[in-house]
Every structure is written in C-alpha cells, then in structure tokens.
1. May I ask you to list pairs of residues, at least six apart or on different chains, whose Cβ atoms are under 9 Å apart, with the first in the range 44-55 being free of Cβ contacts under 8 Å to residues at least 60 places away in the same chain and the second being acidic (D, E)?
2. Condition test on I32, is it assigned to a loop (DSSP other than H, G, I, E, B) and among the hydrophobic types (A, V, I, L, M, F, W, C)?
3. Out of all the residues in the range 120-138, is one or more acidic (D, E), crowded, with 23+ Cβ neighbours inside 10 Å, under 20 Å from V96 (Cβ atoms) and away from the ligand (no atom under 13 Å from the Cβ)?
4. Quick one: how many residues across the range 116-168 are of a type in the set (A, V, I, L, M), more than 16 Å from the chain's Cα centre (by Cα) and over 26 Å from P257 (Cβ atoms)?
5. Does L234 satisfy the criteria of being open to solvent by 20 Å² or more (accessible area, probe 1.4 Å) and free of Cβ contacts under 8 Å to residues at least 24 places away in the same chain?
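The values are calculated or read from the model by the stated rules, or taken from the named source; none is laboratory data. What you see is a predicted model, and the numbers here were worked out from it, not measured in a lab. Backbone-built Cβ (ideal geometry, glycine too); neighbour counts: all protein chains shown. Just so you know, the surface numbers come from the protein's heavy atoms only, side chains and all, with ligands and any DNA or RNA stripped out. Shrake-Rupley method; radii C 1.70, N 1.55, O 1.52, S 1.80 Å.
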Amino acid sequence: MCQIIDGAAVAKKIREEIKKDTQLLLKNKGIIPGLIVLLVGDNPASQIYVKHKVKACLEVGFNSQVIKLSADTSEEHVLQTINKLNLEPEIHGILVQLPLPEHIREEKVIAAISPKKDVDGFHPINMGKLLTGKPRFVACTPFGCLKLLEEYGIDMNGKHAVVVGRSNIVGKPIAALLLHKNATVTVCHSRTVNLAGITRQADILVAAIGKPKFITDEMIKPGAIVLDVGINRLATGKVVGDVDFAAACKIAGMITPVPRGVGPMTIAMLLTNTLKAVNYLYE
Ligand code: NDP
C-alpha cells in the first residue's frame, strides 16, 4: 500500500512554527523579518507565484513587498535596485522572481544579490557552500524535498537516490543534499542512456524534469520513495507532476502528490530561509 507524503500538512506545520518564532523575535529583539520580491516583466505565472510568496510572508508576520519593474527595464537598473536593497538593514531577504526578460542576464542578477540576503540560495557562493557541505541558504524546492524525507523519517544513509533533472535550482542541489545524507546519488538528464534501467534501481527517486507524467510505473522500483517536483499545467487546466501518479501509486512505497506535495514546501522553505537571514545579517 503506497503512503502519500502530505507536503501541504508538513508545510502548514512549518509555517505555524515560523509564525511563533517571528512573534518571539519581535518581542525579544524588536526585529521583523523583511523579504523583498523583485518582479521584472509581466509573466502571468510569475505574478501568481509572487503573490503567493508575499501572502505567505505576511501570514507569518514578516514584512514583505513586491517591487515591480516593467519588462523593458534595463539590466543596469535591475542591478542598481538590488544594490540598494543589499544596503537596507530592514530587508533581510531578496528574491528575484525568475525567469527574467531575455535581455537581462540571470547570472549577473543573481550574483548581485548579497549572499547573506540570497534566500533563494541561487548565488554561486551559496551553491558552493552547499557543495562543500556547509550550506547557508539552500534553494527552497530541494530544501523542501529534504525536509519531507526527514519529516517522514526516511533514512537516506546508503540508499540509492536517483535524481532525474540537473538544473541549478532543483536537480543539482537536491543531488548534493542527498549525497551529504550519505545516499549514493545518480543524476540523470536528457542525454542519459537507458533511463528506465537506472530509475528502476532507485530506492529514492526524485523527478524534476518538467514533462507531465513522464515517470511511469515501469520506471519505479517496488517500494521506492518517489518525490515528484514537477508542476505541469495541461491544456485542460489541470496541474500534474512529472510522475504518472495513479500508476506510480500501485508500485511505489511512498509518493508526493501534485499538487499538495513538494510545491507547498517550497514556500515554507522560503520563509525558513528568510528567518535565517535575520541571523546571518548580524553574523
Ligand atoms: P529545467 O527545465 O531547468 O530542467 C529539466 C531537467 O530535466 C533538465 O536537466 C533536463 O535535462 C531534464 N530532462 C528533460 N527531458 C528529459 C528526458 N527526456 N529524460 C531525462 N531528463 C530530461 O526544469 P527545473 O529543474 O527548473 O524544473 C523541473 C520541474 O520542476 C518543472 O516541472 C518545474 O515546473 C518544477 N518546479 C517545481 C517547483 C516547486 O515548487 N515544486 C519549483 C521549481 C521547479 P538536460 O539538462 O539534459 O536538458
């Protein structure tokens, strides 16, 4: 019988803890965590994500605001805006919503964020810290995946973890996190030969591909733990993951659904990172 990993419930619990910690921070130190979200352009999906992030911040008692810049804003102006935010003592976290318009270089913008305010964990310094096993900010989605495994008491030690996807924001950081938990990690991608042969060996399978229902039951080892990071909107409007959930449930031991799996954990980890940022600022 396949157990459903309830990301929404775990995320709710984390948000409640953060709310309490935020009240204590205000009472004991007079500090309110502050997160600024920078949104460049008018990508509809980005607008929705940003709205959810700010709402979640306000609900736990943070200060949070969106700075909206038009799609034709110059790269220079975006960098200047970030430089100013880096110097603001009441802003503890800065998040630049991706993707950016094509004329703005993502690497340049990410590198401009102070590593101590980089609550998305995308800055090369924070990526490097993660790889060397001394993480400061870990990218929210991979961090959320790890928290789910921990929350469900899953021992990663010596397990074969297979990550399908090698993006900087999901695949690579989750592989690093699993490795630090002593899993034996295989990272697969679009050039992997005999993908199903590899995924079938996975005790822990992470799907971060961006293709609806790509992982089928034949690709899953009986009893495996499956984390589905994918968020794919079908033409019907329905949102599905990268795993064929109904088929996978018949063979997996545990699985995250989409929605209510990894997705809610991403925002919970953004809140966790922003609260952490308050301490880093006074390091
Ligand atoms: P990317 O497009 O950046 O990366 C996708 C990865 O999948 C690439 O490494 C690519 O390989 C690999 N891939 C593509 N096709 C295949 C294939 N046929 N076989 C094996 N590997 C393949 O996506 P992201 O990492 O940004 O996101 C992945 C998914 O997670 C998306 O659905 C996204 O919406 C979702 N997501 C969800 C979040 C959440 O909060 N739950 C947050 C962030 C993302 P290659 O490198 O060779 O091209």
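1. Every condition considered, no pair remains.
2. On the way: assigned to a loop (DSSP other than H, G, I, E, B): yes; among the hydrophobic types (A, V, I, L, M, F, W, C): yes.
Yes; evaluated as a whole, the condition is true for this residue.
3. So the first thing to find is which residues in the range 120-138 are acidic (D, E), and the list is 120.
The next check asks that each one be crowded, with 23+ Cβ neighbours inside 10 Å; those that pass are 120.
Remaining after also requiring under 20 Å from V96 (Cβ atoms): 120.
Checking the rest, the ones that are also away from the ligand (no atom under 13 Å from the Cβ) come to none.
Within the range 120-138 (the criterion being acidic (D, E), crowded, with 23+ Cβ neighbours inside 10 Å, under 20 Å from V96 (Cβ atoms) and away from the ligand (no atom under 13 Å from the Cβ)), the answer is no, since none of the residues qualifies.
4. First, pick out the residues of the range 116-168 that are of a type in the set (A, V, I, L, M): 119, 125, 127, 130-131, 138-139, 146, 148-149, 154, 156, 161-164.
Cutting the leftovers down to more than 16 Å from the chain's Cα centre (by Cα) gives us 125, 131, 154, 156, 161-162.
Filter again for over 26 Å from P257 (Cβ atoms), leaving 125, 131.
Summing the residues that are of a type in the set (A, V, I, L, M), more than 16 Å from the chain's Cα centre (by Cα) and over 26 Å from P257 (Cβ atoms) in the range 116-168 gives 2.
5. Values: open to solvent by 20 Å² or more (accessible area, probe 1.4 Å): yes; free of Cβ contacts under 8 Å to residues at least 24 places away in the same chain: yes.
Criteria met by L234.
Okay, residues lined up against (1) open to solvent by 60 Å² or more (accessible area, probe 1.4 Å); (2) out of contact with any Leu (no Cβ under 9 Å at 6 or more places or on another chain); (3) acidic (D, E):
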site	(1), (2), (3)
G34	no, yes, no
V37	no, no, no
G41	no, no, no
Q47	yes, no, no
H52	yes, yes, no
G61	no, no, no
S70	yes, yes, no
L79	no, yes, no
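Listed here are the residues, each with its yes/no results for (1) closer than 21 Å to C140 by Cβ; (2) among the polar types (S, T, N, Q); (3) in a helix (DSSP H, G or I).
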{"site": "A176", "(1), (2), (3)": "yes, no, yes"}
{"site": "N182", "(1), (2), (3)": "no, yes, no"}
{"site": "V185", "(1), (2), (3)": "yes, no, no"}
{"site": "A196", "(1), (2), (3)": "no, no, yes"}
{"site": "A202", "(1), (2), (3)": "no, no, no"}
{"site": "K221", "(1), (2), (3)": "no, no, no"}
{"site": "G230", "(1), (2), (3)": "yes, no, no"}
{"site": "A247", "(1), (2), (3)": "no, no, yes"}
{"site": "P259", "(1), (2), (3)": "yes, no, no"}
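Residue-by-condition table, conditions (1) more than 21 Å from M265 (Cβ to Cβ); (2) in contact with a His (Cβ under 8 Å, 6 or more places away or on another chain); (3) near the ligand (Cβ under 6 Å from one of its atoms):
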| site | (1), (2), (3) |
| --- | --- |
| V163 | no, no, no |
| L178 | no, no, no |
| S190 | yes, no, yes |
| N194 | yes, no, no |
| I231 | no, no, yes |
| A235 | yes, no, no |
| V240 | no, no, no |
